[in-house]
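**Student:** The structure follows.
The values are calculated or read from the model by the stated rules, or taken from the named source; none is laboratory data. Values in this document were obtained by computation on a predicted structure and should not be read as measured data. Virtual Cβ from ideal backbone geometry, glycine too; neighbours counted across all protein chains shown. Heads up: the accessible areas ignore ligands, DNA and RNA and are worked out on the full protein's heavy atoms, side chains in. Shrake-Rupley method; radii C 1.70, N 1.55, O 1.52, S 1.80 Å.
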Amino acid sequence: MKLVAFDFDGTLSDSEMSVLLGEQYGVAEEMATITERAMNDEIEYAESLRERVSLLEGLPVEGVEAGVENVVLRSGAAELIRDLNDAGVVTAIVTGGFGRGVESVLARSETPVDAIVANQLEFEERRLTGEVAGPLVEGTKDDALRAVANNAGIDIEETIAVGDGANDLPMLRTAGFAIGYEPKPAVEPHCDAVVESMEELQELLAERLD
């Protein structure tokens, strides 16, 4: 094991970033419904992402920052990433969520990672346009994982992917070892191992490191 790539929403964080933003605009319930359908592989991820972000059109930057401040890591996630860093393992976050939120929570928890692949919300005159851009709107996480591994000079077979939802499937299928973190029913059959807590994940990764 030389590289571990984590999904963010539902994996490193038990919150859903788009829903937290939706709470600032009164559309959280609609967003949660769309997200659940996508994670269960009922609709395409790109379609679900665009639908969710369109609901945020007009949200001021202050509302975005307030929503981002509510994004937190799961208990034990920061320690796990730091341990991997200390062991010389390349760490990456590969998420269809928003880089602004990922970067904020990592800075607040003083948790460095080697690479972040994420999408970005678009603004115009300090308000969201309802549009989203980035490598994981249409692109898939397998390509992102390969790119991170190539940049680090690591063979894909020496990678581990950790995720929970349907949009993680390309990354899970491509990695040398696939771990489902409380995976959705459509995802679990494609995992080499399943964990239900950060403690379990830390133990499993420690075994792979040895």
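**Student:** Once ligands and nucleic acids are excluded and a 1.4 Å probe is used, how much of E196 is accessible, expressed in Å² to the nearest 10?
**Tutor:** Near enough 100 Å² of accessible area.
**Student:** Percent of accessible area on the range 18-69 owned by carbon and sulfur, 1.4 Å probe?
**Tutor:** With neighbouring chains kept in place, the figure for the range 18-69 is 45 percent.
**Student:** What number, rounded to the nearest 500 deg cm²/dmol, is the helix-based mean residue ellipticity at 222 nm of the chain, given -39500 (n - 2.57) per DSSP H run of at least four residues and division by all its residues?
**Tutor:** Dividing the helical sum by the residues of the chain leaves -12000 deg cm²/dmol.
**Student:** Another question, then. Quick one: Cα centre-to-centre distance for the range 117-136 and the range 18-58, in angstrom?
**Tutor:** For the range 117-136 versus the range 18-58, the Cα centre distance is 14 Å.
**Student:** Give the relative contact order (percent, whole number) for the range 56-210; include only Cα pairs under 8 Å separated by 6+ residues.
**Tutor:** Relative CO of the range 56-210 lands at 18 percent.
**Student:** If you place +1 on the Cβ of every Lys and Arg and -1 on the Cβ of every Asp and Glu, how big does the dipole about the Cα centre of the chain come out, in debye to the nearest 20?
**Tutor:** Taking the Cα centre of the chain as origin, the dipole is about 420 debye.
**Student:** Using heavy-atom solvent-accessible surface (probe 1.4 Å) with all chains present, what is the largest-first order of Y25, Y181, Y45?
**Tutor:** Accessible-area ranking of Y25, Y181, Y45, largest first: Y25, Y45, Y181.
**Student:** With Cβ to Cβ distances under 12 Å as the rule, what net charge do the other residues near A175 carry (K, R +1; D, E -1)?
**Tutor:** -2
**Student:** In terms of the Cα gyration tensor, with a ≥ b ≥ c the square roots of its eigenvalues, is the range 1-86 rounded because a/c is under 1.5, prolate because a/b exceeds b/c, or oblate?
**Tutor:** Note, shape of the range 1-86 comes out oblate.
**Student:** With +1 on each Lys and Arg Cβ and -1 on each Asp and Glu Cβ, how big is the dipole of the range 18-69 about its Cα centre, in debye rounded to the nearest 20?
**Tutor:** Rounded to the nearest 20 debye, it is 60 debye.
**Student:** Related question: Quick one: pull the percent of accessible area on the range 95-206 belonging to carbon and sulfur, 1.4 Å probe, ligands and nucleic acids left out.
**Tutor:** Within the range 95-206, the accessible surface is 44 percent carbon and sulfur.
**Student:** Measure nothing but the geometry: give the 0 to 90° angle between the long axis through the Cα atoms of 198-209 and the longest principal axis through the Cα atoms of the chain, rounded to 10°.
**Tutor:** With both axes taken from Cα atoms, the answer is about 40 degrees.
**Student:** Heavy-atom accessible area per residue, the chain, 1.4 Å probe: how many Å²?
**Tutor:** 44 Å²
**Student:** Still on this structure: Which listed residue (F177, S13, V148) has the Cα farthest towards the positive end of the charge dipole for the chain, taking +1 on Lys and Arg C-beta and -1 on Asp and Glu C-beta about the Cα centre?
**Tutor:** Value computed over the given set: V148.
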